[in-house]
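A.B. asks: Next up is a structure, given as structure tokens.
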2 protein chains.
Amino acid sequence: MVEGTTEGVKAKEKRKTDENVIYVGNKPPMSYVLAVVTQFQASSSDEVVIKARGRAISRAVDAAEITRNRFVKDAEIKDIKIGTESITNEEEGRTSNVSSIEIILTTKKKGK
Amino acid sequence: MVEGTTEGVKAKEKRKTDENVIYVGNKPPMSYVLAVVTQFQASSSDEVVIKARGRAISRAVDAAEITRNRFVKDAEIKDIKIGTESITNEEEGRTSNVSSIEIILTTKKKGK
């Protein structure tokens, strides 16, 4: 509900992405794990946000858990938010509600 | 990780349930919405916990959102936890990891 989603369904994975946001779609979970790990290493920020909608929500949780357990062991879950977004299918002109999740991962590294 | 899950995969929906815990499985989301709403009305507690594993995680989020937006409008999300559980498939003798979620809904009703 934070940003307008008038662009419809197609732009699911790459909307106006903030730099440290990973949008989880239909690829295998490891693709997103890699994206999250890369983001932690590349950015000066120590925070990565994983977002997903609908069925991809479980994949987002998988990606967060795999990252935390296997790759970035000092990562912690700072916050998890769930919400509902209205999606307009432009072809059929229907509006439907879809659940969304936002998982905020953070590392405590200070000297890096 | 809170309780032992040596019983294997089958007992997914009805383990030693605490009274106010709803386990989300493969039924349609509205089944679980109904269970959550009933739990809020029936119990003296003002807290309901929705739990799910694997692909049912997105359904758990759906159930929480539908409950909150349509049926129990004073319900709030108190906390959301995610984790990883080891599941042993007894037939094949394999152990695999599965993500889990726990959504704690609460109402503020005091005089009830």
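A.B. asks: Distances from residue A:30 to the same residue in each other copy, label points 7 Å out along Cα→Cβ, in nm, shortest first?
C.D. replies: 4.0
A.B. asks: Which whole-Hz couplings ³J(HN,Hα) result when phi for each residue of region B:71-79 is put into the Karplus expression 6.51 cos²θ - 1.76 cosθ + 1.60, θ = phi - 60°, listed in order with x for Gly and Pro?
C.D. replies: Along region B:71-79, the couplings run 10, 10, 5, 8, 6, 10, 7, 7, 7 Hz.
A.B. asks: Same structure, new question: How high is the FRET efficiency from residue A:31 to residue B:89, r the C-beta distance, R0 25 Å, rounded to 0.05? Mind dumping the intermediate values first?
C.D. replies: Working: r = 26 Å, r/R0 = 1.03.
So the FRET efficiency works out to roughly 0.45.
A.B. asks: Here is a further query. Shortest first and in nm with one decimal, please list how far the residue B:93 label point sits from its counterparts in the other copies (point 7 Å along Cα→Cβ).
C.D. replies: For residue B:93, the inter-copy label distances come out at 6.2 nm.
A.B. asks: Taking a label point 7 Å from Cα toward Cβ, how far is residue B:70 from its twins in the other copies, in nm, shortest first?
C.D. replies: Relative to the other copies, residue B:70 has label-point distances of 3.7 nm.
A.B. asks: List, by residue number, every residue in region B:67-96 with a reduction of 20 Å² or greater in accessible area between the chain on its own and the complete protein assembly, 1.4 Å probe.
C.D. replies: B:80, B:82, B:84
A.B. asks: Carbon and sulfur atoms: what percent of the 1.4 Å accessible area of region B:25-68 do they account for? Let's see the in-between values first.
C.D. replies: Working: 930 of 1830 Å².
Percent of accessible area from carbon and sulfur atoms in region B:25-68: 51.
A.B. asks: Computed on protein heavy atoms with a 1.4 Å probe, what is the summed buried accessible area for the chain pair A and B, in Å² to the nearest 100?
C.D. replies: Numbers: alone 7270 and 7260 Å², together 13230 Å².
When A and B are taken together, about 1300 Å² of accessible area is lost.
The values are calculated or read from the model by the stated rules, or taken from the named source; none is laboratory data. All of these numbers come straight from a predicted model, not from anything done at the bench. Glycine also receives a Cβ, built like all others from the backbone with ideal geometry; neighbour counts cover every protein chain displayed. All accessible areas refer to the heavy atoms of the entire protein, side chains included, with ligands and DNA or RNA removed. Shrake-Rupley method; radii C 1.70, N 1.55, O 1.52, S 1.80 Å.
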